[in-house]
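Okay, structure first, notes after.
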Amino acid sequence: MAAKKMYDTPMLDELEKGPWPSFISGFKRLRDDHPDERINEMASSLLGQLEHSYETRKGYWKGGTVSVFGYGGGIIPRFSEVGDAFPASREFHTLRVQPPAGNYYTTDMLNQLGDSWEKHGSGLVTFHGQTGNIMFIGTTTNGTQHFFDEINEYGWDLGGAGPCVRTAMSCVGSARCEQSCANEHGIQRWLVNNFTDDVHRPALPYKFKFKVSGCPNDCVNAIERADFAVIGTWRDDMKVDQEEVKNFVKAKGREYVIDNVVTRCPTQALSLKDDDTLEVDNHNCVRCMHCLNVMNKALSPGDDRGITLLIGGKRTLKIGDLMGTVIVPFMKLESEEDYERLVEIAEETIDFFAENALEHERTGEMIERIGLVNFLEGIGIEVDPHMVNNPRQSSYVRTDGWDEEAEKWFARKAEEAAG
Amino acid sequence: MAYEDMRQPIESGCPDGFQYMHPVMRKNFGLWKFHEHPKPGVLRHVAHSGDEIWTVKAGTQRILDVYSLRKLTEIGEKYGDGYVRFTIRSNIEYMVSDAAKVDPLITALTDAGFIVGGTGNSVAMISHTQGWLHCDIPGTDASGVVKAMMDELVDEFQNCNMPNRVHITTSCCQINCGGQGDIAINVQHTKPPRINHDLVANVCERPSVVARCPVAAIRPAMVNGKASLEVDEKKCICCGACFPPCPPMQINDPEHTKLAIWVGGNHSNARSKPTFQKLVASGIPNNPPRWPEATALVKRILKEYKEGAKDWERINDWIERIGWPRFFEVTGLPFTKYHIDNWRGARNSLNASTHIRF
């Protein structure tokens, strides 16, 4: 085989300077040192095209239609618009692969994935993309099938791409975090693995994302980014170890505790007593997590744990950023029935979304267009004051069903009281 | 290949993480008591059982070549326990049960060129998108911007001495896959798309493109005898939403595609409810290979935040306390008519009070 084609990369070379690890140096290792000529050529060509982008300040990839046998999505197809100049990376598709819940790996498994990827792809991989997938970046159409066939045999499946249920994400969670109020990884898998058909065969109006955070710190940005955000929380009293509170006050001083813990409480639910113990007004605590974050040895979530469910978060296009809205203020997730109920709400939501959203409209945008109440009625969830910051301010509303609605509220309250 | 020879996929979905989890984490799942941050890049978690797990966190280049991946796994095998995870900002975390393994692990990572840090109140690794390397609609690169910026912010990544953590994100188009951040560096287009009318009819599903526009500025039109689309340039907000479904409507431009900086996005419910980021600077040149103008502005904002914020204030908390006028004053950034929102719900962002700081 002829010597590989080389390209000058004066601009990219600038990105080999400085202390942070350089992705360009990595590309060059693949170009210069890898034993497989196919990978050398591909890396060289990719460097050439990227340099061309840097020089002209333009991108040169186009989408297309590539998938593996049996699926309709999971691949991000990329065909070069400048493939004649950079032929070895003319086709440079990415496979989106679902990571294990919580993103745990053994080094053995990472090596095995690396071996398979070297055989069939470019040797470039990212843990993880913004949706949460492992991104195996750069292979041909044939390569996507061979690589998928190989890793699918040892436990890996494609994620979502296009208008479908997407790969889900959960935080580090119960595996290593004292704030966790839920089995994040279990919830993630119960939810997303119930919808594998909707992951692999895009047929929804637009994307639908599940994200799970174990506490209101929301480390996976679920409220801001997920159509279906599950957040762990608790409803009994937070646990206070008064001896640890005293130790903390002793170490940091009363002023620090007052300025950084007590006065930062959004609902003034904390009081530092004269004997250096902490009093908590649990009824008015909104579970914001601040005091638990600062004094994590002394304060912990309570024992009556469950989740809050928010629906409709998304990023900019089309109507602007939307946060998720509380749909279920609290539900327990302990028994199999509890989990089935959560999956049922997800199914109702996705069915309603599939039937009612416009093309390219996210769940939150659909709710914005039709109003929250129509959505709640569609998925069979009763209204709750936790869903709003405040009641309506406008008098422009027809209220001739008031008495019946008030009856429903009192009936529901009576039912709850009866247990 | 004939149909019957094709392999049917196993639709196994999301794998169970337990099989790859450190045994101490499996044993103490849901039973952790507290954690400490003994030094930058290191976390010590203690379980109710008394068991400990130590974590060493390191920043990587995110787009890993297999050599870098193997170096990371080799370090995990030789100096760690063979168990790792990746954070949502693409840092690698090594979990070990023996405290004695922490320092050798740090040395090995540092010797191999990885940066240990990113814990506690650090400027975390910038979460980013694909950019010119792989995206079909990017206005800029992602990995390059982040590499150049992290070169300058590496001390803040390693030292963990900001008032609270700082999450920075970048996005290469206004769809904003990078998400929300305390500071976000995002593409901001400034001119309407340039339309290749010869291609529109064959490439684009015209009604879908018309429906995609947030301000109804696109309409079907015959141009030079060909079915095409036209843009009302007075209405156009230059968002680029039409470009993905209709590549002949080129939004990217070497000169007019700029960068903007947004601040105050906060995912956490701690103290205040989660917040979205707000525009503070725009018109920043998209200047490869090292984007010095954008980095200089980010550093300026970080400097003021570090000096002005109280302990535990995220950027949004800090600005909420000092007020936006003071933010523009201390950073020296101009306040322009473009900072005043006119999108739906904008009225909620106006000051309808006499709450004014002097």
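The values are calculated or read from the model by the stated rules, or taken from the named source; none is laboratory data. The model shown is predicted, which means the values in this text are computed figures rather than measured ones. Note that each Cβ is placed from the backbone with ideal geometry, even for glycine, and that neighbours are counted across all protein chains shown. To get the accessible areas, we keep the full protein, side chains included, count just its heavy atoms, and leave off ligands, DNA and RNA. Shrake-Rupley method; radii C 1.70, N 1.55, O 1.52, S 1.80 Å.
Against the test of being at the interface with another protein chain (Cβ under 7 Å from one of its Cβ atoms) and β-branched (V, I, T), the options B:I75, B:I10, B:I92 yield a single qualifying residue, B:I10.
A:E224: among the acidic types (D, E), farther than 15 Å from A:G159 by Cβ, open to solvent by 10 Å² or more (accessible area, probe 1.4 Å) and not assigned by TED's automatic domain parsing to the domain that holds A:G70, yes or no? When the stated conditions are applied, A:E224 does not pass them.
When the stretch B:168-189 is limited to residues that are of a type in the set (S, T, N, Q) and farther than 16 Å from B:P214 by Cα, the one that is nearest to the other protein chains (Cβ to nearest Cβ) turns out to be B:Q180. Taking the criterion of being touching a residue at least 40 places away in the same chain (Cβ under 8 Å), facing chain B (nearest Cβ under 9 Å) and not in a helix (DSSP H, G or I), the residues of the stretch A:157-181 that qualify are A:D157, A:L158, A:G159, A:T167, A:A168, A:M169, A:S170, A:C171, A:V172, A:E178, A:Q179, A:S180. The single condition among (1) open to solvent by 10 Å² or more (accessible area, probe 1.4 Å); (2) at the interface with chain A (Cβ under 8 Å from one of its Cβ atoms) that B:D141 does not satisfy is (1). Inspect the stretch B:86-106 for any residue being aromatic (F, W, Y) and free of Cβ contacts under 8 Å to residues at least 24 places away in the same chain and give the result as yes or no. Within the stretch B:86-106, one or more residues are aromatic (F, W, Y) and free of Cβ contacts under 8 Å to residues at least 24 places away in the same chain. For the stretch B:108-138, the set of residues classified as facing another protein chain (nearest Cβ under 7 Å), touching a strand residue (DSSP E or B) at 6+ places or on another chain (Cβ under 6 Å) and farther than 30 Å from B:P245 by Cβ consists of B:F114, B:I115, listed by residue number.
Being basic (K, R) and either touching a Cys at 6+ places or on another chain (Cβ under 9 Å) or within 30 Å of A:N293 (Cβ to Cβ) (or both): is that true of B:K226 here? The answer is no for B:K226. Of the residues making up the stretch B:254-274, those that are more than 7 Å from every other protein chain (Cβ to nearest Cβ) and within 15 Å of the chain's Cα centre (by Cα) are B:L259, B:A260, B:I261, B:W262, B:V263, B:G264, B:G265, B:N266. Scanning the stretch A:70-110 for residues that are polar (S, T, N, Q) and within 7 Å of chain B (Cβ to nearest Cβ) returns A:T94, A:Q98, A:N103, A:T106, A:T107.
Return a yes/no flag: does the stretch A:403-414 have any residue that is within 23 Å of A:P163 (Cβ to Cβ) and at pLDDT 95 or above.
no
All of (1) more than 8 Å from chain B (Cβ to nearest Cβ); (2) crowded, with 21+ Cβ neighbours inside 10 Å hold for A:V199 with one exception: (1). Counting only strands (runs of 3 or more DSSP E) that sit wholly inside the stretch A:247-357, those with at least 2 residues that are free of Cβ contacts under 8 Å to residues at least 60 places away in the same chain are A:270-272, A:278-280, A:325-331.
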